[in-house]
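So the structure is just underneath, and the comments pick up after that.
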Amino acid sequence: MTVENMENVEIFNSEGKGRGLKVTKEFWPGDILFAEPSYAAVVFDSLTQEVCHTCFRKQPKLQRCGQCKFAHYCDRTCQKEGWATHKSECSAIKNYGKGPNENIRLAARILWRIEKEGGDLSEGCLTSMDDLQDHMEDLSEDEKKELKVDVHNFLDFWPTTCRQFGVQYISHIFGVINCNGFTMSDQRGLEAVGVGIFPNLCLVNHDCWPNCTVILNNGNHEAVNSMFHTQMRIELRAISKITEGEELTVSYVDFLNLSQDRKKQLKQQYYFDCTCEHCTKGIKDDLMIATIMEEGNKPSEEVVNEVMQFTKKAMEKIEKARSEGSFHEVVKHCRECLKKQEPVLADTNIHQLRVLSIVSEVLSYLQYFQEAADHARKMVDGYQKLYHTNNAQLGMAIMRAGVTHWHAGLIEVGHGMICKAYAILIVTHGPTHPITKDLETMRAQTEMELRMFQQNEYIYHSMREAALTNQPMKMMEGPSDQAIKDLFKKKKKKKKKKKKKIMNLGK
């Protein structure tokens, strides 16, 4: 598969940033600037048996490669399609005795491709692997030690029958992975499942308030041998109007942090000093640490410091309880923290928003939907004052809040939020993405229920109660068509309830 629409962009020297990409014509929100398949990509070590090694879809049952016993696939279609990149890897894993870590597997896939195609520009690529930044000179002493270990283990894994590369070049590849690797998500964008290298995407510079977003489209592998068959690729999508000649930017980090914290993270992970307008001027920093104003007076510095110290300790308890699966303890600590925060911190304060995000998620999992909906609504109100209008994370947060309200029986607010989320995700993800399709189905379902509610509230709640008596609604990893269809269907009670796992919405 080749890169698409590269005629829309061109390389230029961006002031203070080095190389960058700018557009050759005007674009509007939702437009795809270009689409690019990965140069190489691998599944995370922890998910090698749960995620397809070709399309990166998370599936309950996968077929294992009969030779190396390491790679897993959705079906023979994915296995056959992935054989070209797995063939050399398969043999190396058999000889090595196990699958090495994700960095070594990704470096090996890159070098096997270079061995096969050479180091020159691939079709549709504006840059080669040799020309990508590795920031070797910026590595700390600890990072250099980790690199030496990876290179040593790589040399043990790399077959002697393959082309031999020098240690310096292998180190360059690891450096490229370290600062240019793009996190791959599952088919619904809810969980990070792997890492890949996309050379053209690497040329897009950072801005904390960008004009583009990057979405992974896992492709349609079901429509084999038809015009609808598509392969996995990233799509660079415009989230605001972009004029001809304007530089393309994406955000490397979540905006919901103070500018000094974003700058620190960018320096540590990507080795540059952010000079974007939002960091330079500290735009929205005041909102992110805002406190409540009562009759023109702010709470004292002593009171604010006390709340922040309490919040810090509470978050440690929350994370510990969450990691142990003690979800009722999580809720308890969140409630205590919010009780302390709410009289002091404003609705846009990021410390309060983080607690609201966690508690609404956990309460939804525990099926305390009324309380979860209340916290989710407050969270969304704060998010909307901080995030870009077409931010993908904002859209996902509103979607989850809408589903929570729907589960709570608050159909009017729930439908409104689902519509709002759809308006954002149609721009950031496009109409064919699975999450957008799910939202479209939910929007139609909640619209039907809303009409029913407006015509006769009593009948609506009676039907809803009957449905819940037979099949409790639940927050799932990904809202599916079947779950929506089952909302008002009666089902036989199950003899045993399976233990449910909370989904990691924050990833």
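For (1) within 30 Å of H429 (Cα to Cα); (2) among the polar types (S, T, N, Q); (3) in a helix (DSSP H, G or I); (4) in contact with an Asp or Glu (Cβ under 6 Å, 6 or more places away or on another chain), each residue gets a yes or a no:
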position	(1), (2), (3), (4)
I318	no, no, yes, no
Q352	yes, yes, yes, no
S357	yes, yes, yes, no
S364	yes, yes, yes, no
A397	yes, no, yes, no
A401	yes, no, yes, no
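Within segment 161-194, the residues that satisfy the criterion of being among the hydroxyl-bearing types (S, T, Y) and over 16 Å from G119 (Cα atoms) are T161, T183, S185.
I'd like to know if segment 309-317 contains one or more residues that are under 30 Å from G82 (Cβ atoms), in contact with a strand residue (DSSP E or B) (Cβ under 9 Å, 6 or more places away or on another chain), touching a residue at least 24 places away in the same chain (Cβ under 8 Å) and surrounded by 15 or more Cβ atoms within 10 Å (Cβ to Cβ). No, segment 309-317 contains no residue that is under 30 Å from G82 (Cβ atoms), in contact with a strand residue (DSSP E or B) (Cβ under 9 Å, 6 or more places away or on another chain), touching a residue at least 24 places away in the same chain (Cβ under 8 Å) and surrounded by 15 or more Cβ atoms within 10 Å (Cβ to Cβ).
Take segment 135-177 and flag every residue that is part of a helix (DSSP H, G or I) and among the hydroxyl-bearing types (S, T, Y).
Pass one, segment 135-177, residues part of a helix (DSSP H, G or I): 136-138, 141-157, 167-177.
Residues satisfying the conditions are Y169, S171.
Within segment 74-113, if we keep just the residues that are modelled with pLDDT of 95 or more, more than 16 Å from V43 (Cα to Cα) and hydrophobic (A, V, I, L, M, F, W, C), the residue that is surrounded by the fewest Cβ atoms within 10 Å (Cβ to Cβ) turns out to be A92.
Screening E137, E141, E146, E115 for residues that are touching a Lys or Arg at 6+ places or on another chain (Cβ under 6 Å) and charged (D, E, K, R) leaves exactly one candidate, E115.
Go through the residues of segment 349-363 one by one and say whether even a single one is closer than 25 Å to F27 by Cβ, open to solvent by 10 Å² or more (accessible area, probe 1.4 Å), basic (K, R) and out of contact with any Leu (no Cβ under 8 Å at 6 or more places or on another chain). No, segment 349-363 contains no residue that is closer than 25 Å to F27 by Cβ, open to solvent by 10 Å² or more (accessible area, probe 1.4 Å), basic (K, R) and out of contact with any Leu (no Cβ under 8 Å at 6 or more places or on another chain). Of all residues in segment 178-189, how many are open to solvent by 20 Å² or more (accessible area, probe 1.4 Å) and outside any strand (DSSP E or B)? Residues that pass the stated criteria total 6. Cβ-Cβ distances below 8 Å connect the following pairs, each with a first residue in segment 54-65 that is open to solvent by 40 Å² or more (accessible area, probe 1.4 Å), a second residue that is aliphatic (A, V, I, L, M) and in a loop (DSSP other than H, G, I, E, B), and a separation of six or more residues or different chains: R64/A71.
For the structure I just gave you, tell me whether D130 is over 27 Å from the mean Cα position of the chain (by Cα), under 30 Å from E7 (Cα atoms) and either open to solvent by less than 30 Å² (accessible area, probe 1.4 Å) or not β-branched (V, I, T) (or both).
Numbers: over 27 Å from the mean Cα position of the chain (by Cα): yes; under 30 Å from E7 (Cα atoms): yes; either open to solvent by less than 30 Å² (accessible area, probe 1.4 Å) or not β-branched (V, I, T) (or both): yes.
So D130 fits the description; yes.
Residue pairs whose Cβ atoms lie under 8 Å apart, sitting 6 or more positions apart in sequence or on different chains, and linking a residue in segment 448-476 that is aliphatic (A, V, I, L, M) and in a helix (DSSP H, G or I) to a partner that is open to solvent by 60 Å² or more (accessible area, probe 1.4 Å) and modelled with pLDDT of 90 or more, are L450/E412. Of a type in the set (G, A, S) and either in a helix (DSSP H, G or I) or farther than 28 Å from E191 by Cα (or both), is that true of G119? Taking the combined requirement at face value, the residue satisfies it.
Among the residues of segment 364-391, those that are within 27 Å of C208 (Cβ to Cβ), open to solvent by 20 Å² or more (accessible area, probe 1.4 Å) and of a type outside the set (S, T, N, Q) comprise R377, K378, D381, Y383, K385, H388.
The values are calculated or read from the model by the stated rules, or taken from the named source; none is laboratory data. Only a predicted model underlies this, so the values are computations on that prediction, with no experimental measurement involved. FYI the Cβ positions are ideal-geometry reconstructions off the backbone, even for glycines, and counts take in every protein chain you see. To get the accessible areas, we keep the full protein, side chains included, count just its heavy atoms, and leave off ligands, DNA and RNA. Shrake-Rupley method; radii C 1.70, N 1.55, O 1.52, S 1.80 Å.
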